[in-house]
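Heads up, the thing below is written out as structure tokens.
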Amino acid sequence: MLRSAAPPPVMVTTREVTKDGLGAKTRVVDDRAQGPQETRLIHGVWETLANDALKQAGFEDIQIDRRTLEDQGIDRIPQAQEIAVSDEKEGEEDSSQGETSKSGLNRL
């Protein structure tokens, strides 16, 4: 059975990417007509790349699915995900990663 994780927010530049580096500013993602389509495309590419990387890393039981829980046929309220943090002392707070519980897990 595959576990499903919500896709992370994806940050994109507002500049064109050229062979010479970053170019002129673009507002494609901000555009009311084209923006939502572009955002869905970016999320789709991210989902594919991330799932391929997870599979190659041996995490075949984990898969990112960008669809809503309802679209996945899952009847529950979205919940916060907890991730293991290996480079922190147990119970220590790291403000850059959210709250750290006494179990050493960060709540996103």
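Every number in this text was worked out from the coordinates using simple rules, so none of it is lab data. As the structure is a computational prediction, the values presented were derived from the model and not from experiment. Quick reminder, even Gly has a Cβ in these numbers, built from the backbone with ideal geometry, and neighbours come from all protein chains shown.
Quick rundown of the values:
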item	result
Leading residue at positive end of dipole, segment 1-68 (Cβ point charges), from Ala53, Val17, Val28	Val28
Length added when fully stretched, Ala80-Gln63, from 0.36 nm per residue minus Cα-Cα	4.4 nm
Chain lengthening between Ala53 and Thr39 when straightened (0.36 nm per residue, less Cα-Cα)	2.9 nm
